[in-house]
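Below is one structure; the comments refer to it alone.
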Amino acid sequence: MNTVHKHIVIALTAFGIAGASLGVQAQTTAPLDGRHGHAVGKEQRQAMRAEFLKLTPEQRQAKMAEFRAKRLEQRAARQAKLAESLKLTPAQQPVWQAFVASTTPQQGEHAGQRLTREQRAALSAPQRLERRIALQKQRTARMEARLSALNSLYAALTPEQRKLFDEQQRRGGRHHGGHGGHGGHGKMMRG
């Protein structure tokens, strides 16, 4: 899949998700359907995609930036709510902040990793696979850093706080800062 096509698919997906959440927020008396209460019909998704495709590349980038900013706000709100429910002590704050920092995506984290179509075409099959392996190693290193921060936090929590933390994580918060199992890095990164 070429980079432009990949960006369009990502943008359409994000636009669809954003549109779905706006649609759910706009509902006042309609019953909530589906696992997460998102009741978006096929026609509505197609209409949102058509609207997105009418946008200029700059407008699409702006929509994507808006979507990412909203996701970061939601993440921060979930983390604040979790911290509040854990009733962290001042001594626990540094490990909590380290944990939060480890789960927050860095601005421009993937900026230099994407290749243009021409750059990708110039790579041989072994070079492409080497690149994929290098990107996977970077991802593994980030996950190991998150695990280290999580282990430090977990060691600082009381048994009651650990129980609450585990319950929050299982209940749908996933790991409050990663990809939650939907999209994210589930597919092999192509660059």
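Laboratory data are not the source of any read-out in this text; all were calculated from the coordinates shown. No experiment lies behind these values; they were computed from the predicted model shown. So basically every Cβ, Gly included, is an ideal-geometry build from the backbone, and we count neighbours across all protein chains shown.
The length gained on full extension between Gln46 and Ala65, counted as 0.36 nm times the residue separation minus their Cα-Cα distance, comes to 4.7 nm.
Taking θ as phi - 60° and the Karplus parameters 6.51, -1.76 and 1.60, the scalar couplings of region 119-132 work out to 5, 5, 5, 6, 7, 7, 4, x, 5, 4, 5, 4, 5, 4 Hz in sequence order, x denoting glycine and proline. Of the GluC sites (Glu not before Pro) found in region 70-139, those that fall in a DSSP loop while having at most 11 other beta-carbon atoms within 10 Å are Glu109. Using all pairs of distinct alpha-carbon atoms, the Kirkwood hydrodynamic radius of region 121-162 works out to 12.7 angstrom. Here the 3J(HN,Hα) profile of region 149-164, calculated from phi with Karplus coefficients 6.51, -1.76 and 1.60 at θ = phi - 60°, is 5, 5, 4, 5, 4, 4, 5, 7, 7, 6, x, 5, 5, 4, 4, 4 Hz, Gly and Pro shown as x.
Model label points for Gln119 and Gln106, set 7 angstrom from Cα along the Cα-to-Cβ axis, are 1.7 nm apart. For region 55-172, the Cα gyration tensor yields ellipsoid semi-axes of 36, 21, 11 Å (square root of five times each eigenvalue, largest first, whole Å).
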